[in-house]
Amino acid sequence: MKTKNILLLAIFMIISVVSFAQGDNSVKGFVYEKSNGEPMMFANVYLEGTTLGSTTDINGYFSITRIPDGTYKLLVTMMGYDTIAEPISLKGNQILNKKFNLEEAAIKLEAVSITADKIEARTETKTSVVYITPKTITKIPTVGGQADLAQYLQVIPGVVFTGDQGGQLYIRGGSPIQNKVLLDGMIVYNPFHSIGLFSVFDTDIIRNAEVYTGGFGAEYGGRVSSIMDITTRDGNKKRISGKIGGTTFGAKVMVEGPLKKAKSDNDMTISFILSAKNSYLEKTSQSVYDGILKGEVLPYNFQDVYGKVSLNAPNGSKINFFGFSFNDQVNHYMPEGFTQPLDYKWVSYGGGSNFVLIPGKSPVLIEGNVAYSKYDASIEDGGGMPRSSSIDGFNAGFTFSYFLGKNTLKYGVELLGFKTIFDYRKSNGIRLNQTENTTELGAFIKYKWQLGRLIVEPSMRIQWYASLAEISPEPRLAIKYNVNDWFRIKAAAGMYSQNLIAANSDRDVVNLFYGFLSGQDNIPKKFNGKTVTTKLQKANHYIIGTEFDVIDNVTLNIEGYFKDFRQLTNMNRNQVYSESNHPNDASEVEWRDFMIENGKAYGVDFSVKYEFMRWYVWAAYSLAYVNKNYENAARQLINYRTHYDRRHNINVMVTYTAGARKQWEFSGRWNVGSGFPFTQVSGFYEHYQFDDLGMSIIEDYGDMGIIYGELNKGQLPWYHRLDLDVKRKFWFGDHIVLEADFSVTNVYNRQNIFYINILTGNNIYQLPLMPSLGLNLTF
């Protein structure tokens, strides 16, 4: 009944908006890049001499509404491209559909400082969001000779990276399970490889990545910390093109082109893009890097394939079909606390479709998607403790955007269904074997309201978790006030919830096994003396910040944030009894499979960006605190620092382009961070399992038992690393370019401790000084 009511409400909203999407003149359409037919994001489209205008979105779409009758000059501008000027006449509630193709300027005016970023900063709330394009990703020094999204994310304020081998990304206090990743609207359950330096995404197929570190709007749901929304390109609509590359870490190939070219402006096009990349680091670590690694093998292997076909209508409407296969394998790895090596692998695959629909007589943009994806992970070790996790399911959604002058109404529905299978044996021998089916239904509405210098963006999401029989109402709000042309104040707040649980403890520093659980009700009935009234994980976000255009081409961004994790579910590391076999007087904390925690993440992020002519400079500093609370067996609340609680984190990145044709690029990145907390060892003892009733403590030998100190009371030394990169381009025609890339990771060979092996006492270090060489041929 609840599902039916939500669907009826959504249908009513759709009919209502479309029915009154009448009246006033309007101009809408798309802006494309002439050379390849790709949509142009953030181009400025406006009526000269008026305040009426728009910025193109990720699809290249713009809409200018509520235009009075009259004659105007419509301008389309984008830095680095020739301006398009076209006279138009409007009267009698007329709607014009336009399509523009921007051509790269023959003469580039390097001193131009007015960019779409600045215009967008004054017209969008942009709280706790970073927009990333391939152009920005390639500015960072590469690790392994290939630019990658995973490497760029590490310089974003509020993002903490715990290590090169098996490390994870934590975003403003949120663990990986609390960060939702979308690829063309499809959920990707594990976006990063075990080596930690590479994602599953090929940089060359990315059109845009939006990273929300907190305070995101109601169009996103099902996670309590952050969102990463990635959109891929449609493929070259003009000619066959691509890239082939090889480095000392891995290789890649990307091909794109038209399957059907447009014979006129009123003809449809069909294009494709296909990408594949892999790693052979396990081989080169034993040959190329054998002397540097001193016999250590980096056993990391992966293969990623992504393909997409786009059907594009003349009016800008389009439908895409896509599919992927991502694989990761680690051979004979010896992590912390293990006495025997293990083999770990995960496989992820899926596919789907999304579309953009432009009704001819209404200023409404309709978007939709449907997708299926599957993720399987397993780990085998010689100790007889295999683990496996699987999640597969679908997600589908429809979003409607209606443009009301400078204001925008956006609403939609989302449906998810997935199945989780989990088989896990804890170190104490207790086994968890669960299969769950889950359905989630969400509906949202969002309105952006511009009142002079003030922008108000309230939104509301209703999330229904069918398997838990719970509804979560989640109001959210974003505000920005343009004090003047160079100073802006912004704020955001919201309520968030999620069902998914990590199939490992987020207290583990190194944990290659990354699995999923859902719909858990095997949690304590009480926490901190209060009855637990929900099985969901919940959090509230509060953010306030400012933006300064300090001088021309220099922008300073400051944001303070507070994430109140009101209820979290974690694997119960204090469990000593199984649920089916525990003493009657045992505390819930001693036999429940899962434990409840709460916590707080708060801090302040500073970032400065300077971009002018041939220079690009980025500097960021984060001051952060992440603390959680759990109950011990005596039901006492224990506060602890998480293992990813890095108090100070600094990133400085500088890129300079040289040469008459800008054929040289020099870049460097320096990262320094305070040490991570860790749990110290107080001592050892001989531990007997007594699995065999005939065991004798006099004649038989026990295992090594470990006495731990207080949780995360120790702290590792400070971390710092310098990376340098040099690129050189060679042209062999209009479209053929060879780029040579030489980079050095950890230039001064800093011995940064990853963790301390509790059994041997040895320090395990992150990557040493590692040079890499890469060649990329673009055609």
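Do we find a residue being among the basic types (Lys, Arg) and touching an Asp or Glu at 6+ places or on another chain (Cβ under 6 Å) anywhere in segment 625-639? Within segment 625-639, one or more residues are among the basic types (Lys, Arg) and touching an Asp or Glu at 6+ places or on another chain (Cβ under 6 Å).
Looking only at segment 465-489, residues that are of a type outside the set (Asp, Glu), in a strand (DSSP E or B) and more than 30 Å from Thr555 (Cα to Cα) come to 5 in all. Candidates Phe394, Phe444: the one that is open to solvent by 50 Å² or more (accessible area, probe 1.4 Å), modelled with pLDDT of 90 or more and under 22 Å from the mean Cα position of the chain (by Cα) is Phe394.
Does Gly683 fit the bill of being open to solvent by less than 50 Å² (accessible area, probe 1.4 Å), at pLDDT below 80 and in a strand (DSSP E or B)? Answer is no for this residue. The set of residues from segment 259-274 being open to solvent by less than 100 Å² (accessible area, probe 1.4 Å), outside any strand (DSSP E or B) and under 11 Å from Lys238 (Cα atoms) comprises just one member, Ala262.
For segment 457-476, the set of residues classified as modelled with pLDDT of 95 or more and either open to solvent by 30 Å² or more (accessible area, probe 1.4 Å) or out of contact with any strand residue (DSSP E or B) (no Cβ under 6 Å at 6 or more places or on another chain) (or both) consists of Pro458, Met460, Ile462, Trp464, Ile471, Pro473, Pro475, listed by residue number.
Filtering segment 171-184 to residues that are surrounded by fewer than 24 Cβ atoms within 10 Å (Cβ to Cβ), part of a loop (DSSP other than H, G, I, E, B) and modelled with pLDDT of 95 or more leaves only Asp184. In segment 595-643, of all residues being open to solvent by 30 Å² or more (accessible area, probe 1.4 Å) and in contact with a Leu (Cβ under 6 Å, 6 or more places away or on another chain), the one that is nearest to Gly714 (Cα to Cα) corresponds to Asn629. The residue that is most open to solvent (accessible area, probe 1.4 Å), among those in segment 44-85 that are in a loop (DSSP other than H, G, I, E, B) and of a type in the set (A, V, I, L, M), is Met79. Screening segment 727-758 for residues that are exposed (fewer than 14 other Cβ atoms within 10 Å of the Cβ) and hydrophobic (A, V, I, L, M, F, W, C) and picking the one that is farthest from Leu197 (Cα to Cα) gives Phe732. Does Leu96 meet the test of being touching a Phe, Trp or Tyr at 6+ places or on another chain (Cβ under 8 Å) and either of a type in the set (A, V, I, L, M, F, W, C) or within 17 Å of Gly405 (Cα to Cα) (or both)? No: the conditions fail for Leu96. Evaluate the following for Asn557: is it polar (S, T, N, Q), within 23 Å of the chain's Cα centre (by Cα) and in a strand (DSSP E or B)? Yes: the conditions hold for Asn557.
Counting only residues that are more than 25 Å from the chain's Cα centre (by Cα) and in a strand (DSSP E or B), segment 289-317 holds 2 of them.
When Arg207 is tested against (1) closer than 20 Å to Asp304 by Cα; (2) open to solvent by less than 10 Å² (accessible area, probe 1.4 Å); (3) not in a loop (DSSP other than H, G, I, E, B), just one condition goes unmet, and that condition is (2).
I need the full set of residues from segment 86-135 which are open to solvent by less than 30 Å² (accessible area, probe 1.4 Å) and at pLDDT 90 or above, in order please. If the condition is that a residue be open to solvent by less than 30 Å² (accessible area, probe 1.4 Å) and at pLDDT 90 or above, then Ile88, Leu90, Phe100, Leu102, Thr127, Ser128, Val129, Ile132 are the ones that fit. Checking Gly429, Gly452 one by one, the residue that is on the phi > 0 side of the Ramachandran plot and at pLDDT 85 or above is Gly452 and no other.
Each residue in segment 737-767 was checked for being more than 27 Å from the chain's Cα centre (by Cα) and at pLDDT 90 or above, and 10 pass.
Quick grid of which residues meet (1) at pLDDT 90 or above; (2) out of contact with any His (no Cβ under 8 Å at 6 or more places or on another chain); (3) surrounded by fewer than 20 Cβ atoms within 10 Å (Cβ to Cβ):
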{"site": "Ala503", "(1), (2), (3)": "no, yes, no"}
{"site": "Leu517", "(1), (2), (3)": "no, yes, no"}
{"site": "Asn522", "(1), (2), (3)": "no, yes, yes"}
{"site": "Thr533", "(1), (2), (3)": "yes, yes, yes"}
{"site": "Ala539", "(1), (2), (3)": "yes, yes, no"}
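When every residue of segment 210-233 is checked against the conditions, at least one turns out to be in a loop (DSSP other than H, G, I, E, B), open to solvent by 10 Å² or more (accessible area, probe 1.4 Å), under 22 Å from Glu739 (Cβ atoms) and of a type outside the set (A, V, I, L, M). Return the residues of segment 688-726 that are acidic (Asp, Glu), modelled with pLDDT of 85 or more and part of a strand (DSSP E or B); say none if nothing qualifies. Result: Asp723, Asp725.
Of the conditions (1) open to solvent by less than 70 Å² (accessible area, probe 1.4 Å); (2) more than 21 Å from Val297 (Cα to Cα), Leu724 fails just one. Which one is it? Going through the list (1) open to solvent by less than 70 Å² (accessible area, probe 1.4 Å); (2) more than 21 Å from Val297 (Cα to Cα), Leu724 breaks only (1).
For Pro299, the test of being touching a helix residue (DSSP H, G or I) at 6+ places or on another chain (Cβ under 8 Å) and either buried (at least 18 other Cβ atoms within 10 Å of the Cβ) or not aliphatic (A, V, I, L, M) (or both) is passed. Return a yes/no flag: does segment 233-256 have any residue that is in contact (Cβ under 8 Å) with a residue 12 or more places away in the chain and closer than 20 Å to Ile544 by Cα. So far as segment 233-256 goes, no, none of its residues is in contact (Cβ under 8 Å) with a residue 12 or more places away in the chain and closer than 20 Å to Ile544 by Cα.
The values are calculated or read from the model by the stated rules, or taken from the named source; none is laboratory data. Remember, predicted model here, so these are calculated numbers, not experimental data. With ideal geometry, Cβ positions are generated from the backbone for all residues, glycine too; neighbour counts draw on all protein chains shown. Quick note on the areas: whole protein, heavy atoms, side chains included, nothing else; ligands and nucleic acids left out. Shrake-Rupley method; radii C 1.70, N 1.55, O 1.52, S 1.80 Å.
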